[in-house]
Amino acid sequence: MERIVNEPSAAALASYFTTNEEQNMLVFDFGGGTLDVSVVECFDNVIEILAVSGDNQLGGQDFDDAIVKYFLRHCEIDPKNLTAQTRAILRSSAEKCKKELTEKTSAEMVVRCEQIDRKLEITRRELVEAAAELFERMGRPVRQALMDAEINVEDLNQ
């Protein structure tokens, strides 16, 4: 029998079947515009969703925007004078930089267009500082999911 499962369940299944160990997981589904957090228990080929929480107004695009603001501030560029096309190029470059920062400790944001020809190295630490408010907002659904699941962070394996 085939079934469709949601993304947190699919991620938990994939992780569970690689280790085959009983475990409690906190699974993030961080889309472009939303954040969903699930607390999942895996045992005896069973995946049980203990709790879910989220923020429908927080997603990856918010981090792209934070990187764009950081870039503009450090390159001393006034955002008021930018065209829609330049804004789109900035956002695309910021997204690429954000993805690089998931694998590397620093990434170079390069913007070459009619209005801007600059590059800036951004570290993970700088991203954390630039997006501190967003990281704080991420903590709320995590705490809520843990509370609803009646589980402590120390009880999580992953």
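Worth pointing out:
- Filtering segment 1-25 to residues that are in contact with a strand residue (DSSP E or B) (Cβ under 6 Å, 6 or more places away or on another chain) and either under 29 Å from residue 134 (Cα atoms) or not in a loop (DSSP other than H, G, I, E, B) (or both) leaves 7, 8, 9, 11, 12, 13, 16, 23, 24, 25.
- Scanning segment 1-29 for residues that are touching a residue at least 40 places away in the same chain (Cβ under 8 Å), closer than 22 Å to residue 147 by Cβ and not hydrophobic (A, V, I, L, M, F, W, C) gives 8, 9, 23, 24.
- Filtered by the rule that a residue be closer than 23 Å to residue 55 by Cα, open to solvent by 40 Å² or more (accessible area, probe 1.4 Å), part of a helix (DSSP H, G or I) and not aromatic (Phe, Trp, Tyr), segment 131-154 gives 132, 133, 136, 137, 140, 143, 144, 147, 148, 153.
- Every condition in (1) at pLDDT 95 or above; (2) open to solvent by 30 Å² or more (accessible area, probe 1.4 Å); (3) aromatic (Phe, Trp, Tyr) is met by residue 70 except one, and the failing one is (2).
- Scanning segment 30-56 for residues that are more than 21 Å from residue 147 (Cα to Cα), open to solvent by 30 Å² or more (accessible area, probe 1.4 Å) and either not hydrophobic (A, V, I, L, M, F, W, C) or not in a strand (DSSP E or B) (or both) yields 32, 33, 44, 45.
- A search for C-beta distances below 6 Å between a residue of segment 35-64 that is among the aromatic types (Phe, Trp, Tyr) and any residue that is crowded, with 19+ Cβ neighbours inside 10 Å, counting only pairs 6+ apart in sequence or on different chains, returns 63/98; 63/131.
- Each residue in segment 93-125 was checked for being open to solvent by less than 70 Å² (accessible area, probe 1.4 Å) and more than 25 Å from residue 37 (Cβ to Cβ), and 11 pass.
The values are calculated or read from the model by the stated rules, or taken from the named source; none is laboratory data. Quick caveat, the model's predicted, so the values are computed rather than measured. Don't worry about glycine lacking a Cβ; one is built from the backbone with ideal geometry, like all the others, and counts go over all protein chains shown. For accessibility, only protein heavy atoms count, side chains too; no ligands or nucleic acids. Shrake-Rupley method; radii C 1.70, N 1.55, O 1.52, S 1.80 Å.
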